[in-house]
1. Would you kindly calculate the translational diffusion coefficient of the stretch 18-105, applying Stokes-Einstein with the Kirkwood radius from alpha carbon pairs, for 20 °C and a viscosity of 1.002 mPa s, and quote it in µm² s⁻¹ without decimals?
2. Aspartates and glutamates within cross-link reach of K97: Cα-Cα under 20 Å, excluding same-chain residues under 8 positions apart?
3. Distance in nm between label sites at K63 and V77, each 7 Å beyond Cα in the beta-carbon direction?
4. For the stretch 54-106, with all protein chains present and a 1.4 Å probe, just round the carbon and sulfur fraction of the accessible area to a whole percent.
5. Per residue of the stretch 74-82, in order, report the coupling 6.51 cos²θ - 1.76 cosθ + 1.60 (Karplus, θ = phi - 60°) as ³J(HN,Hα) in whole Hz, putting x for Gly and Pro.
6. Could you give the accessible area per residue of the stretch 18-105, probe 1.4 Å, as a whole number in Å²?
7. Can you tell me the dipole magnitude for the stretch 18-105 around its Cα centre, using point charges on the Cβ only (Lys, Arg +1; Asp, Glu -1), in Debye to the nearest 20?
8. What full-extension length gain, to one decimal in nm, is calculated for Q87 and D20 as 0.36 nm per residue of separation minus the Cα-Cα distance?
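The values are calculated or read from the model by the stated rules, or taken from the named source; none is laboratory data. Owing to the predicted nature of the structure, the values given are computational and were not obtained by experimental measurement. For neighbour counting, all protein chains shown are included, and Cβ atoms are generated from backbone atoms with ideal geometry for every residue, glycine included. Just so you know, the surface numbers come from the protein's heavy atoms only, side chains and all, with ligands and any DNA or RNA stripped out. Shrake-Rupley method; radii C 1.70, N 1.55, O 1.52, S 1.80 Å.
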Amino acid sequence: MFRLLCAALAMCAAAQAFADQDVSLVIENHRFVPAELRVAAGQKIRIVVDNRDATPEEFESQKLRAEKVIPGKSKGVVMVGPLKPGQYSFYGEFNEKTAQGVLIAE
Ligand SMILES: [Cu+2]
């Protein structure tokens, strides 16, 4: 469900500056492309989510403890990690049947 993630925008900006690795994720036709992201374990990861659909999507993952609404035709940033090696599923809460993905930390 939607809720505010950061107490202040300044905190988000500061967190972004400390990412060790950037990865890109596209939302198109209510699917994640690629559906599988590989990242380094033990690092702070900045996922730049480019929503190319006209409708909003919510990136959500219980395992990553992340959720972020990305309006249509815009980009959003999701910070995760450092992660233990493993698989972390994520999905689009607004289009859960099609928008499914997994982040693999190794
Ligand atoms: Cu949610």
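1. 170 µm²/s
2. E28, E36, D50, D53, E57, E58, E60, E67
3. It works out to 2.5 nm between the two label points.
4. It is 53 percent, rounded to a whole number.
5. Values per residue, Gly and Pro as x: 8, 10, x, 10, 10, 9, 9, x, x Hz.
6. 52 Å²
7. With Lys and Arg at +1 and Asp and Glu at -1, about 220 debye.
8. Between Q87 and D20, full extension yields 22.2 nm more.
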